[in-house]
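Reading through the C-alpha cells given below for one structure.
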Amino acid sequence: RPRARISGVGGCLPRQIVTNEDLAQRLETSDDWIRTRTGIRQRHIVSEGENAVSLAAQAARNALEQAGVGPQDVDAVIVATSTPDQVFPAVAVRVQAALGMRAGFGFDVSAACSGFIYALSTANAFIGTGMAKRVLVIGVEVFSRLLDWEDRATCVLFGDGAGAVLLEAGAAPGEGILSTHLHSDGTLGDLLYVDGAAGTGTNSVLKMQGREVFRHAVVRLAEAVDEALDANGLCGADIQWLVPHQANLRIIDGMAKRLALPAERVVVTVDRHANTSAASIPLALNEAVRDGRIRKGDLILMEALGGGLTWGSALLRY
Ligand code: ACO
C-alpha cells in the first residue's frame, strides 16, 4: 500500500493587515480584551483583486515550487473551504485552471475549521488506494465575507488566508502520514454555523456560542490527541511539534500542556493571522518549515475542531 508524505508547503496571506486597534476604532472592543481572551493581535483581510481562488492558487504554486513538481504532474486538487467564491465550480477546479491543469480531478471539502485535516485525510486515502500519486491539499478561507462586522463577539476572531501542501506517494515505512482520525457530531451543529445556502434567502453571517464551543473544543481535542498517540503507540514526549488549528491561544496552550510540550515546540500563528479556519494548519506548517524549525524526520501532530462540530487529528513524520 503506497504511503504518502508532504513534499512541499506553501502559504498566501492577503496584503491588508487589520490590527486590534483598527477594530477598536469602529467597535466597542479593545486590543487588551482581544489579546487576553484569544492571543490575537492582528489579521489579514482580502481587498481588491483577492479571493479564495487567487489565495489558494498562490499557496499551491509555492508548495509546488518547494517540491520541485510541475502542475502537470499533479493528479488531484482537494480544497478545504467554507468560503468558496462561487457555489460551483469548486475552488479546487478553479485552482486547476489557474495552474494550467487540464488533467486530473478536483473538488472541495466542507468541514469548517477541521477542513484541512479532512482534506489531508482524504488525499492520504486516495494515495493509499493508488488512485492518485500526487495531490495538492489546500485550505483557504475568506471568512471576512461571513462575519457580521457589528458583532464584536465574533468579528474580532477571524482572518483570511490560504495554505497548501503537496502530498506524494513514496514515503518509507514510519515516514510521512502515520495516521489520521476524523470525527463529527451534528447534534452540536447549532453551536457554530452560517446560514445562507444559495437560493435559501437566509442571512449568511457566522453565529457562535463561544463559551460552549470553547468547552467542547478542550474536551474533544484532548480526546483526539490521546487517540492519535494511542493509535501509534506513542506518548506526549515523542511529539516534536504541535501544529494545531489556530482558533485561540488558550485552547492551543491547553493541548500543549496535555502533551507536556514546551511553548517553543508549538507552532503559533494565531497572534498574526487570527483564526483562518481551514487555512490555519497549513499556514502554520508552511511558516515553521520555511523558517527552519520543522525539519525532515520530525514527528508532527496536527489537530483541529470546528463547526459541525467536526474534529480530528493527523500524525506525520515530516
Ligand atoms: N470586546 C470586548 N468585549 C467583548 C468582546 C470584544 N470583542 N466580545 C465579547 N465581549 C464581551 C461580551 O459581550 C461579554 O460581556 P457581558 O459579560 O457584559 O455580557 C463578555 O465580553 C464575555 O463574553 P464571553 O463570550 O462570555 O467571553 P469569553 O470569555 O467566553 O471569550 C471567546 C469569548 C474568546 C469567543 C471564547 O469563548 C472562545 O475563544 N471560544 C472559542 C470559540 C472559537 O474559537 N471559535 C472559533 C471557531 S471554532 C474553532 O475554531 C475552535
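Scanning the chain for DSSP H helices at least 18 Å long along the axis (C-alpha atoms) with a Kyte-Doolittle mean no lower than 0.0 picks out 52-67, 115-129, 210-231. Here the residues 12, 235, 155, ranked from fewest to most Cβ neighbours within 10 Å of their Cβ, fall in the order 235, 155, 12. Full extension of the chain between residue 22 and residue 86 yields a length gain of 20.1 nm, computed as 0.36 nm times the residue separation minus the alpha carbon distance.
For a test of the definition: using alpha carbon positions, the gyration tensor, and the 1.5 limit on a/c, classify segment 176-317 as rounded, prolate or oblate. Note, shape of segment 176-317 comes out prolate. Count Lys and Arg as plus one, Asp and Glu as minus one, and take only other residues whose Cβ is under 13 Å from that of residue 169; the net charge is then +1.
Using only side-chain charges placed at the Cβ, +1 for Lys and Arg and -1 for Asp and Glu, the dipole size of the chain relative to its Cα centre rounds to 660 debye.
You can think of it this way: the chain between residue 131 and residue 151 has 2.7 nm of extra reach, that is 0.36 nm per residue less the Cα-Cα gap.
Here the Kirkwood formula, the inverse mean of 1/r across different C-alpha pairs, assigns segment 1-92 a hydrodynamic radius of 16.1 Å.
Dipole of the chain computed with +1 at Lys/Arg Cβ and -1 at Asp/Glu Cβ about the Cα centre; of 194, 180, 83, farthest Cα towards the positive end is 180. Around the Cα centre of segment 4-169, unit charges on the Cβ atoms of Lys, Arg, Asp and Glu (plus for the first two, minus for the last two) sum to a dipole of about 500 debye. The distance separating the Cα centre of segment 104-168 from that of segment 2-78 comes to 11 Å. Legend: P(r) of the chain from all alpha carbon pair distances, 20 Å bins from 0, whole percents, reading 36, 59, 5. Given +1 at the Cβ of Lys and Arg, -1 at the Cβ of Asp and Glu and no other charges, the dipole of segment 176-317 around its Cα centre is 340 debye to the nearest 20.
Selection among 11, 46, 67 by position relative to the dipole of the chain gives 67 as farthest towards the positive end (Cβ unit charges, Cα centre).
Coordinate-derived values only; no laboratory data. None of these values were measured; they are calculated from a predicted model. Because the Cβ atoms are built from the backbone with ideal geometry, glycine has one as well, and the counts that use them run over all protein chains shown.
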